[in-house]
Amino acid sequence: MDVTLRPAISIRRSRMGKVFLADLVGNGTMSPDLGSFLAAAVAARKNIMIAGATNAGKTTLLRALANQIPAEERLITVERALELGLDHFPELHPNVVAFEERLPNSEGQGTISMADLVRRSLRMNPSRVIVGEVLGDEIVTMLNAMTQGNDGSLSTIHSNSSLEVFNRISTYAIQASERLPVDATHMLIAGAIDFVVFQEKRNEYTQGGRLRRFVSSVREVTGVDGLVLSSEVFAPSRDGQAVPHAPASCLDELAAYGTTRRGEAGVERAEGARHRLEGLATWTESLRDTIAARSASSRPSPPLPGSPTARSASRWRGLWTGCTPACRCMWRCAGSPRTSTTRAPT
Ligand SMILES: Nc1ncnc2c1ncn2[C@@H]1O[C@H](COP(=O)(O)OP(=O)(O)OP(=O)(O)O)[C@@H](O)[C@H]1O
Ligand SMILES: [Mg+2]
């Protein structure tokens, strides 16, 4: 039975097979700070989910992150259609087992699903399991595996924002054979995923620009309270590129794995400067109030006309060299010309 009126072939060919984070920093996909942050996250064996729209560059970013994994680790990749190709570069990863899902034959027999492969891969002593693209019920198996000590897993998922990833996973999980309810899925996510990295593709030809692919957000999963709690450690800047936004809760751990802390240090510096400025403004305000209160109480009231004080003031007025037209001394000499160093009359 035909499925289309005329044959169509699509060739999915990636221009960036052997790609490193440095290449993506070099072509403007991410800042050097973010590059070092992600490298440290991979080295610290954080579970990372790469999200984005179709053709945004998720698989390419996954390859770049996977190439940060030390060569001695044993990697098992599970994909719907082989495209990661980590086993094509034995000099980078000599120990890779690449699995591909098998569809059923014409009799509906022989299917081996992604979920089966993820389950089986866990019995093969992997250092890390990399799932090329999560599109269905394999997510439950994968999240379970991530919460059972299989740290350092990487995967990609289609989504429209970094925050939407959690609901997307819930939607897949509810369709899985386990029929996982939303709150259970969110608990599973909180225990399994450490970071969501969101990549965007933006076509700016009409504004005289170019086609840009860039990481716009990195979200850290911090806990669960009914729903997943997360904080955006890198948020979109004015041009969309992810810039440091909030310090990651596992910053010290990442620092131990070599992040330069520049991103976080930048955030901390900016926060510190803001607090210092606010403190300075409050302090200046209170100082101004104190001075005003003190000068109001200490300034002598004007001498009564004809009183000894008034007579004394008129004798002293204008005799001090310190008195200027703007002088506001207790002798109220304001406006009197600056005089010479005449000695005060005795
Ligand atoms: N950071 C990047 N800079 C420039 N080109 C890129 C970048 N990332 C990916 N590309 C190119 O964009 C195309 C799509 O990349 P990729 O297959 O990684 O996207 P994807 O999001 O995984 O797509 P899909 O949703 O179809 O799986 C490829 O030709 C790739 O070479
Ligand atoms: Mg892809």
Centroid-to-centroid separation of segment 26-40 and segment 220-245 [C-alpha atoms, Å]: 16 Å
Residue-by-residue Karplus 3J(HN,Hα) for segment 214-229, coefficients 6.51, -1.76, 1.60, Hz, glycine and proline x: 7, 7, 10, 7, 10, 10, 9, 7, 10, x, 8, 9, x, 10, 5, 9
Value of D in µm² per second that Stokes-Einstein yields for segment 102-224, Kirkwood Rh from Cα pairs, at 10 °C (1.306 mPa s): 99 µm²/s
Ranked packing of 121-128, 140-147, most packed first, by mean Cβ within 10 Å: 140-147, 121-128
Sequence of Tyr257, Tyr172 once ranked by neighbouring C-beta atoms within 10 Å, starting from the fewest: Tyr257, Tyr172
Those chymotrypsin sites (Phe, Trp or Tyr not before Pro) in segment 1-102 that DSSP places in a loop and that have at most 10 other beta carbons within 10 Å: none
Neighbour-count ranking [beta-carbon atoms within 10 angstrom, fewest first] of Glu138, Glu73, Glu91: Glu91, Glu73, Glu138
Estimated dipole of segment 139-224 in Debye, rounded to 20 [Cβ of Lys and Arg +1, of Asp and Glu -1, Cα centre]: 460 debye
5 angstrom amide H check on Leu122, placed H, neighbours 5+ away: none
Two-decimal ratio, segment 1-109, of alpha-carbon radius of gyration to 2.2 N^0.38 Å: 1.29
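None of the figures in this text is laboratory data; all of them are computed from the coordinates on show. This one's a predicted model, so the numbers in the text were calculated from it and none came from an experiment. Counting neighbours? That spans all protein chains shown, and the Cβs are built from the backbone with ideal geometry, glycine included.
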